[in-house]
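We did not get these values from a lab; they are worked out from the coordinates using the rules stated. As the structure is a computational prediction, the values presented were derived from the model and not from experiment. Reconstructed Cβ throughout: ideal geometry from the backbone, glycine too, with neighbour counts over all protein chains shown.
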């Protein structure tokens, strides 16, 4: 595993964290906030796991691969939910794209030995 690969995954996690926080905040303040509860919940889960993964990779933790597997799953779930709303919420579309990118990076990181 190269330093560039780790750094790319860290950056993808941090970008996803940011987009999930933006999306959750926008979903909470919109007219349809009650309908967006699942989106907000999944965005928060995803953001938390992205934060943990980035921090574990930054410090070279021996458990980062396991965390990346969980992060990839959370990213996939969040992307699926955000895609349901992407036609009427730009923040959901942007979040889904960041989640898909992060899921791919984390999956690759988890499989690297």
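Volume per residue for the chain equals 72 cubic angstrom (convex hull of Cα atoms). Specify the angular offset, from 0 to 90 degrees and rounded to the nearest 10, of the alpha carbon long axis of helix 37-58 from the longest principal axis of the alpha carbons in the chain. Tilt relative to the chain: about 20 degrees. Taking 7 Å steps out from each Cα toward its Cβ at residue 59 and residue 41 produces label points 3.0 nm apart.
When you count the other C-beta atoms within 10 angstrom of each residue and take the mean per peptide, 89-101, 49-61, 12-24 line up highest first as 12-24, 89-101, 49-61. In the stretch 7-60, Cα pairs under 8 Å separated by at least six residues give a relative contact order of 49 percent. Angle of helix 3-29 to the longest C-alpha principal axis of the chain, folded into 0 to 90 degrees and rounded to 10: 20°.
Each stretch of four or more DSSP H residues adds -39500 (n - 2.57); spread over every residue of the chain, this sum gives -29000 deg cm²/dmol at 222 nm. Here the stretch 40-106 has an Rg and Dmax of 12.1, 41 Å, counting Cα atoms alone. The angle between the Cα long axis of helix 90-111 and the main principal axis of the chain comes to about 20°, on a 0 to 90 degree scale.
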